[in-house]
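Only the coordinates and a few stated rules stand behind these numbers; no lab work does. It should be emphasised that the depicted structure is a prediction, and the values quoted were computed from it without experimental measurement. We place every Cβ from the backbone using ideal geometry, glycine too, and count neighbours over all the protein chains shown.
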Amino acid sequence: MLKIDDLHVTVDGKEILKGLTLSVPTGEVHAVMGPNGSGKSTLANVLAGRPGYEITAGSVTFQGRDLLALAPEERAREGVFLGFQYPVEIPGVNNVYLLKAAVNAARKHRGLDEVDAFEFLALVKDKMRLMRMEESMLSRGVNEGFSGGEKKRNEVLQMLVLEPRLAILDETDSGLDIDALKVVAHGVNTLRSPERSLVLVTHYQRLLDHIVPDHVHVLVKGRIARSGDKSLALELERRGYDWVSGEAA
Amino acid sequence: MTPALSKRVLDEYAAIRESLPAGVVSSERRHEAIQALAARGLPVTRDENWRYTNLRPLERARFGPVATAMAALPQPSEADLPGRLEGFARYAFVDGAFAPALSSSQEQAGLTVRRLPAALPALSTLPEARLALLNEAFATDTAAIHVSNTPGKPAAVELIFLALGGADTGTSYPRVQVNLDPAARLVLIERHISAPGGASFVNSAVNVDIGSGAHLTHYRLQQAGARATWVDTLSAVLAADARYRLLAVNTGALSARSTTHVRMAGPGAELALSVAALGDRQQVQDNFALVEHIAPRARTEQTFRGIASGRARVAFNGKIAVRKAAAGTDSRQSLRGLLAGPEAEIDVRPQLEIYTDDVRCSHGATAGKLDDDMLFYLLSRGLSPEVAQRLLKWAFLEDVVSKIEIPDLRRHIEHELAGQMADAASLKELL
């Protein structure tokens, strides 16, 4: 599904990713953990195509295609989804409009007709119940006046409606209380399937109690310092990032 | 005003003054207006509050009214006008002259609409109101609306001004006089449209007098054709506890200038002035608004949202003056401009002039480009850059559009705005 090979990325002239190599096969859930400043969010943003990141070396292939050659909207239509760490508020752009426009953009890309408005609304409401979101949020502006937890739920809602092939969730657990974390995790888990891959970018182990990963990678100073199964996350929790950082240094 | 232009105004007036209807404006008043113009001159771009206006069309304009110049214009039909709104009496004017065939009066309690005002208000001496002097001198008709006490729902009137004649044949002079008795209520829609390809010259003058405790909701839509020149002067006076909600959407004309002068003359008066302006290609949308707080405890809320694309210039110059007696004034200004093209220009200018201590005045003014984070968010969901930009422009106008309380009118304006944002198919689908 996703192959990242020796990726070097600089931001404002400073190298953040320094030869990152990572492979996420189809159907697997991978967690990328790491201390603050290790390059986790840079990785997520580069995969989604956010401007301002200079790729100086390396490659990213998605389903055999050069992902970095695609514009952000093309990546989305091909099935790449980024769940933002800080989802932006867009007053005046209605939530349900955005969802519909997003779904139709992807459908058009695949040569499909636009969704039926009524069926679509029913589907969205169904997913909203899953995410324990009030229906009234649909008619509000995108994330407008949402609490931190509501914004994260809205990200997962969008993901559930868009059904991406590859979802990258950037610190989707941050700022959530334990109940909201369970709701979000449940939403993400419903999307797990043999055709889909997930990359969970997180600082804390606790999300992984609820979304159990197939593999865990520890990102330190712009490189994968260690990879393992879910027990690696538990060991990290016990011993702290210094343990891996010390080894990497 | 150059001496040549000044002379031309006087000559044109002298040539046709006999034919101007004395019932609309008396010949004395017309004469006074012409004298005042001769003394004060027409505005020039050097004038502080006219620097963003395109005044060049004045040089080429013919000032005599189109209606007298071309009595035998082909009559437009109902199909040329926007759809009717339920519950609204409609009065249509073609090139400044009442068109009964396109109008439908309606019996409404307390409402009187005449072509001739019972009494004319004193002329504004504001330098920015000078173009209204031309209207005073040359006007051919008036929509004079009087509302006495309205016990049930507010009176509802729609005025449509259609300009057909080209600027080479004369000027179109829409003229409106609104008087609300104490406690009266009126919802007024005022639309300005013109022949799509025609280079009309429109100079409108609107006078509003709101009695104590009366409420006026006033929607103004400027949708003149792409080659038209549209200038406008609105003067309003609010008595004690009067409430005026004035919402303007300006999308039309090649060159447009709107001057608004509101006097908060009674204690506790309330004004909500909201303006949305869109400019594309070579359009100039210039707005000047002066709100004078004369009496205590009045409140003003000014909202401006303007978008300039292409090589357009969109300006809003909003001035709040708080006079000495206006203690307890509360005024808020939120002026925002969006630059949507590398060659476009936005000028937003809040001005405060305060002569008393006991006031609460806040203002925010910004001019900028689309927010990169918002744009990326939409792209990351698969929207094309074009659709994403259009959506964000749309959202930007929402602060004004959301204040339109008549659903049919709001839909109409939304479609109009979507249409203005070029290639709107993808947006309309969302409405």
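Compute the label zone of A:Thr26 within the stretch A:139-168: residues whose backbone N is under 14 Å from the point 7 Å along Cα-to-Cβ.
Flagged as within label range: A:165-166.
Pulled fully out, how much extra length does the chain show between B:Glu59 and B:Ser104, if you take 0.36 nm times their separation in residues and subtract their Cα-Cα distance? Present the calculation step by step, with values, prior to reporting the outcome.
Values: separation 45, 0.36 × 45 = 16.20 nm, distance 3.75 nm.
Length gained between B:Glu59 and B:Ser104: 12.5 nm.
If you wrap a convex hull around the C-alpha atoms of chain B and split its volume per residue, what is the figure in Å³? Could you put the intermediate results ahead of the total?
Details: hull volume 59.1 nm³, N = 431.
It comes to 137 Å³ per residue, whole-number rounded.
State, to one decimal in nm, how far the label point of A:His109 lies from the label point of B:Glu405, with both points 7 Å from Cα in the Cβ direction.
4.5 nm
Take a quick pass over chain B and tell me how many lysine pairs come in under 30 angstrom between Cα atoms, counting only ones 8 or more apart or on separate chains.
So the count of such lysine pairs works out to 10.
Given q = 0.10, 0.11, 0.21 Å⁻¹, what are the Debye log10 I(q)/I(0) values for the stretch B:162-302, with equal point scatterers placed on the Cα positions and solvent ignored?
Treating every Cα as an identical point scatterer, log10 I(q)/I(0) equals -0.34, -0.41, -1.14.
Over the stretch B:104-164, consider all pairs of different Cα atoms and compute the Kirkwood hydrodynamic radius from their mean reciprocal separation; express it in Å, one decimal.
Numbers: mean 1/r = 0.0711 Å⁻¹.
The Cα-based Kirkwood calculation yields 14.1 Å.
Could you give the semi-axes, largest first, of the ellipsoid that matches the stretch B:234-381, computed as the square roots of 5 times the alpha carbon gyration tensor eigenvalues and rounded to whole Å? It would help to have the intermediate numbers written out before the result.
Numbers: eigenvalues 199, 55, 30 Å².
Working through the eigenvalues yields semi-axes of 32, 17, 12 Å.
For the stretch A:126-195 and the stretch A:31-96, compute the distance between their C-alpha centroids and round to whole Å.
Cα centroid of the stretch A:126-195 versus Cα centroid of the stretch A:31-96: 17 Å apart.
Tally the DSSP beta bridges in the protein assembly as shown and give the antiparallel ones as a percent, rounded to 5. Walk me through the numbers before you get to the answer.
On the way: 31 of 182 bridges.
Of all bridge pairs located within the protein assembly as shown, approximately 15 percent are antiparallel.
Using the Karplus equation 6.51 cos²θ - 1.76 cosθ + 1.60 (θ = phi - 60°), what ³J(HN,Hα) coupling, rounded to whole Hz, does each residue of the stretch A:26-32 give in order, writing x for Gly and Pro?
In residue order, the calculated couplings are 4, x, 9, 10, 10, 9, 10 Hz.
As an exercise, use a Förster radius of 60 Å and the Cβ-Cβ distance of B:Thr356 and B:Ala226 to find the FRET efficiency, rounded to the nearest 0.05. Spell out each step's value before the answer.
On the way: r = 45 Å, r/R0 = 0.76.
After rounding to 0.05, the efficiency reads 0.85.
Non-local amide H neighbours of B:Val178 (under 5 Å, H modeled in plane, Pro and chain starts lacking H): which ones?
B:Ile145, B:Asn207, B:Val208, B:Asp209
Using only the alpha-carbon atoms of the protein assembly as shown, report the extent along each of the three principal axes, biggest first, to the nearest angstrom.
97, 47, 47
I'd like to know which of A:Leu176, A:Gly37, B:Leu55 lies farthest towards the positive end of the charge dipole of the protein assembly as shown, counting +1 on Cβ of Lys and Arg and -1 on Cβ of Asp and Glu.
Value: B:Leu55.
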